[in-house]
Amino acid sequence: MAISTSIWIWISALLTLAIYSFLYKDNPFYKFAEYLLVGISIGYGISVYWHNTIITKVYNPLVHDKDFLVIIPLLLGLLMFSRFFKNYSHLSRIPIAFIVGAGTGLSIPSSFEFLFKQVQGTMPTAFTIGNLIIIIGVITTLIYFFFSMEHKGFIGKVSRVGITFIMIAFGAAFGYTIMARISLFIGRIQFLLSDWLGIIK
Amino acid sequence: MKIFEKLSHIDRRFIYILIAIVVIVPLLLKPKLPIVPTKPVKDIYDYVENLPQGSNILISIDYDAASMPEQQPFLEALLRQCFRNKLKPIMIVQWQLGAPLGTTGLEKIAKECNAQYGVDYINLGYRPGYVAQMVGIGREIRDYFAVDYKNVSIDSFPIMRNIHNYNDFALLVGLEAGATYLLWVEYAGGRFKQKIALALNAVSAPDAYYFYQSKQIIGLVGGMKGAAEYEVLENKPDLAVAGMASQSYSHILIILFIVLGNITYFVEKSRKKKEGGR
């Protein structure tokens, strides 16, 4: 493999290096790459939104299918922009009311199912060490968050077990976070060494 | 003891250089480290492997470029497995900036496997709405995806002829960088009993294992490590497997930093205590 001759790979590689230059110290190259990312992400997002949403959900039904019912959600959506005008900003409450009402209605039955499955998950069907740890972990952690009694004596000891479980969870989350960040760095180095410099295959 | 004093004031850029070295050197030398697939990953692989030919798999792209090294290898391995087993991936996108990543992966693997667009696979593109869309697919997918990502009517594609709602999908696979997976589990899983498999960024993975334990999802692929396990199962080692040695060595280095940092902290604390006592 040889060094890339694609201008896009070069632009991508140089922008990667510009972002990583921040690790040395803040500099104009980093700032340029950062602002470019923000601008392009928003621009690209709007173009995807236009083609996949405005065209498919508004333009096509209205113009091709003559489905004029689309005007109702379109108007409701447009009312959201009334927030930019002080005298008419109250109109934005109408679509918000729809969102809150429909969202709550949709969420309540599903949330119960969601929660009950979790509760069911703490009711083991077999006696194993893993299941025992789950039961102890759930009960002691819940007791740690029970603030109607002072955490002294027996309750204090149990809640200390609960905080130990919480700390272990934090440790696992931190370990996974490190793994995620290193993975992203590996991905960029693979790109630089492979696609750009052609050192590795 | 001066060494501990120096260590407590070490320039963080030395740490960055060391991390860069332990990431770059294994990528160049390519040492072989064993990668053993874990049960949550193997469960997804086995489930997909045992699906009857022609089954439809709904793949949701819910990540963007910031998660590409973690999600893209799994997407490609999963697509290879789908095409090898004559399963039909139907791709949708919930994160608009993920649309080109999903399309790139799908087109690459489809070409590699000689799959035909509209017959063996389809890309329906991005639609907004999250919950509304997830619930809507439960009734009729055409309410949200009347056209594909190129604005062509989905009824013109043979693959979509008998697909209407979740009943027609053998599995929903969510490739997730944020919290969209919670909505999939709650609505597609809870309300419509859709079988769900998740591939999460490593940052989010610990928050989703309890869904695996409660059987709300059939399996979980966590970060690049999970993707590497999937590549091993698919017997096609690629970018994720190539990155695992760097991942392991950098973890060892970080553990050393943590141990050294703590020793330095306690030594310095004891020294200051002694000096204060004099």
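Structure summary
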quantity	calculated
Translational diffusion coefficient (Stokes-Einstein; Kirkwood radius from C-alpha pairs) of the range B:11-149 at 4 °C, 1.567 mPa s, in µm²/s	75
For the range B:39-237: accessible area per residue (Å², 1.4 Å)	35
Most positive-pole-ward Cα, A:Leu62, A:Thr128, B:Leu7, against dipole of the protein assembly as shown from beta carbon charges	B:Leu7
About the Cα centre, charge dipole magnitude for the range B:96-216 (Lys/Arg +1, Asp/Glu -1 at Cβ), debye	160
With all protein chains modelled, accessible area of A:Trp50 [1.4 Å, Å²]	130
0 to 90° range, to nearest 10: angle between helix B:223-233 axis and chain B longest Cα axis	60
Accessible surface ranking that places the most exposed of A:Arg188, A:Arg181, B:Arg142 first, with a 1.4 angstrom probe	A:Arg181, A:Arg188, B:Arg142
Accessible surface, 1.4 Å probe, highest first, among residues B:Cys113, B:Cys82	B:Cys113, B:Cys82
Order of exposure, largest accessible area first, which applies to B:Phe192, B:Phe145, A:Phe98 with probe 1.4 Å	A:Phe98, B:Phe192, B:Phe145
Neighbouring partner chain Cβ atoms per residue of A:98-107, average, 10 Å criterion	2
Residues of type lysines that B:Lys272 reaches as a straight line, Cα spacing below 16 Å, ignoring anything fewer than 8 places off in the same chain	B:Lys2, B:Lys6
Surface accessible to a 1.4 Å probe, A:Val38 within the full protein complex, Å²	80
The range B:118-171 shape via C-alpha gyration tensor axes, a/c threshold 1.5	oblate
Unit charges on C-beta of K, R, D, E only; dipole of chain B, Debye	1160
Peptide B:202-214, shielding by other chains (average Cβ, 10 Å cutoff)	5
Minimum 10 Å² accessible area buried by the other protein chains, the range A:167-181 residues, probe 1.4 Å, relative to alone	A:Ala173, A:Phe174, A:Tyr176, A:Thr177, A:Ile178, A:Met179, A:Ala180, A:Arg181
Accessible carbon and sulfur surface of the range A:122-201 relative to its total accessible area, %, 1.4 Å	75
Shielded residues, the range B:66-85 - accessible-area loss of 10 Å² or more between chain alone and all protein chains, probe 1.4 Å	B:Ala66, B:Pro69, B:Glu70
Extension gain (nm, one decimal) between A:Lys66 and A:Val119, 0.36 nm per residue minus Cα-Cα	14.2 nm
Sites matching trypsin sites (Lys or Arg not before Pro) across the range A:1-101 that sit in DSSP coil, with at most 13 neighbouring C-beta atoms within 10 Å	A:Lys25, A:Lys66
DSSP beta bridge pairing in the range B:39-237, given as percent antiparallel to the nearest 5	5
Relative contact order for chain B, counting Cα pairs under 8 Å that sit 6 or more residues apart, in percent	26
Cα gyration tensor shape for the range A:122-201, rounded if a/c is under 1.5, else prolate or oblate	prolate
Cα-based helix-to-principal-axis angle, B:39-49 vs chain B, degrees rounded to 10	20
Helical segments meeting 18 Å axial Cα length and Kyte-Doolittle 1.6 threshold in chain A (DSSP H)	A:7-20, A:129-144
The range B:137-161 and the range A:44-97: distance between their alpha carbon centers, rounded to Å	22
Three-way shape call for chain A based on the alpha-carbon gyration tensor, with the a/c threshold at 1.5	oblate
Sulfur and carbon atoms: percent of accessible area, the range B:39-237 [1.4 Å]	53
Separation of alpha-carbon centers, the range B:1-33 and the range B:222-278, rounded to whole Å	11
Filtered trypsin sites (Lys or Arg not before Pro), the range B:1-63: DSSP coil and at most 15 other beta carbons within 10 Å	B:Lys32
Summed buried accessible surface, chains A and B, 1.4 Å probe, nearest 100 Å²	4200
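The values are calculated or read from the model by the stated rules, or taken from the named source; none is laboratory data. Quick caveat: nothing in here was measured; it's all calculated off a predicted structure. Every residue, glycine as well, gets a Cβ built from its backbone with ideal geometry; the counts of neighbours run over all protein chains shown. Just the protein is used for accessible areas: all its heavy atoms, side chains included, with ligands, DNA and RNA removed. Shrake-Rupley method; radii C 1.70, N 1.55, O 1.52, S 1.80 Å.
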